[in-house]
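The structure appears below as structure tokens.
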Amino acid sequence: MDNLFGELRLGHLRLAPLGVRRRTKVTASRAAAEYTGRWGWTVAAGDQPSAATAPTACPCGSARCGAPGLHPVPGRESSADGGEGSVLFPTGRAFDVLDVPEQAGLQALVRLERMGTQVGPVLASPTGRLQFLVAAGTARRLPDLLYRMGWDDAALDLTCHGEGGYVAAPPTVLGDLGPVRWLRRPTRDNAGCPPEARLLLGTLAYACHRRRERSTEAVWIAS
């Protein structure tokens, strides 16, 4: 098991170069219209942070805020009205979001797809996180799920955004860090029925655990 992810090649998961993404730029209003009209998701409009204050931390106090510095503007439920600010997904409605470090998430994604697991939409945040859309209610059940899988006493860099939370949606730009992007886009099959978290959680937890072990080993060797 220790070498489960050791030899995986992650090159095919890399995102398109910035120049390519510019040629297919999607505005916030067009994206919001697609999310609501095509997929039936609720979206909210958020304040757009300035490049000078890149939201590496959020004033809300949450260390794992899914929309750092981009909480919704009161009275505005959607950016589909033509505004070009940030677009947010309210979690806990159509889906919850499992949030993990990028490298661990990439490794887990390769493993899951090799096993034939149906992974739902996946967001890539410029803050170095991957966010997996899963069935609503996951955040509430997460402690029990981790307990049943034997991960309840592990210090995992894994969290879940659920009811009352928000995550930034593409093409929202997080200050000077860059845009939020789709690593796996929503499809007709998964947009209305995201996967149950138990199908992904074991692999994600193991990848996060191995990443932490390797970081600890590197610190020990360096000292």
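Observations
Yes or no, residue by residue, for (1) surrounded by 19 or more Cβ atoms within 10 Å (Cβ to Cβ); (2) more than 29 Å from Ala28 (Cβ to Cβ):
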| site | (1), (2) |
| --- | --- |
| Gly120 | yes, no |
| Met149 | no, yes |
| Ala168 | yes, no |
| Asn190 | no, no |
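- All conditions in (1) closer than 26 Å to Asp189 by Cβ; (2) at pLDDT 50 or above; (3) open to solvent by 60 Å² or more (accessible area, probe 1.4 Å) hold for Asp47, with the sole exception of (1).
Okay, residues lined up against (1) of a type in the set (A, V, I, L, M); (2) part of a loop (DSSP other than H, G, I, E, B); (3) touching a residue at least 40 places away in the same chain (Cβ under 8 Å); (4) under 21 Å from Gly40 (Cα atoms):
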position: Ala136; (1), (2), (3), (4): yes, yes, yes, yes
position: Tyr147; (1), (2), (3), (4): no, no, no, no
position: Gly150; (1), (2), (3), (4): no, yes, no, no
position: Ala154; (1), (2), (3), (4): yes, yes, yes, no
position: Asp157; (1), (2), (3), (4): no, yes, yes, no
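- Inclusion of Thr91 among residues that are at pLDDT 95 or above and closer than 19 Å to Thr172 by Cβ is warranted.
- Selection within the stretch 99-118 - open to solvent by less than 40 Å² (accessible area, probe 1.4 Å) and out of contact with any Ser or Thr (no Cβ under 7 Å at 6 or more places or on another chain): Val100, Pro101, Ala104, Gly105, Leu106, Gln107, Leu109, Val110, Thr117
- Checking each residue in the stretch 110-151 for being over 17 Å from the mean Cα position of the chain (by Cα) and of a type in the set (Phe, Trp, Tyr) picks out Tyr147, Trp151.
- Residue in the stretch 62-75 that is modelled with pLDDT of 95 or more, among the charged types (D, E, K, R) and open to solvent by 10 Å² or more (accessible area, probe 1.4 Å) present: no
- Among (1) open to solvent by 70 Å² or more (accessible area, probe 1.4 Å); (2) modelled with pLDDT under 95, the one test that Glu196 misses: (2)
- Residue check, Gly202 open to solvent by 20 Å² or more (accessible area, probe 1.4 Å), on the phi > 0 side of the Ramachandran plot and outside any strand (DSSP E or B): no
The values are calculated or read from the model by the stated rules, or taken from the named source; none is laboratory data. The shown structure was predicted, so the numbers you read here are calculated from the model rather than taken from an experiment. In this analysis, Cβ positions are derived from the backbone assuming ideal geometry, glycine residues included, and neighbour counts consider all displayed protein chains. With ligands, DNA and RNA removed, areas are computed over all heavy atoms of the protein, side chains included. Shrake-Rupley method; radii C 1.70, N 1.55, O 1.52, S 1.80 Å.
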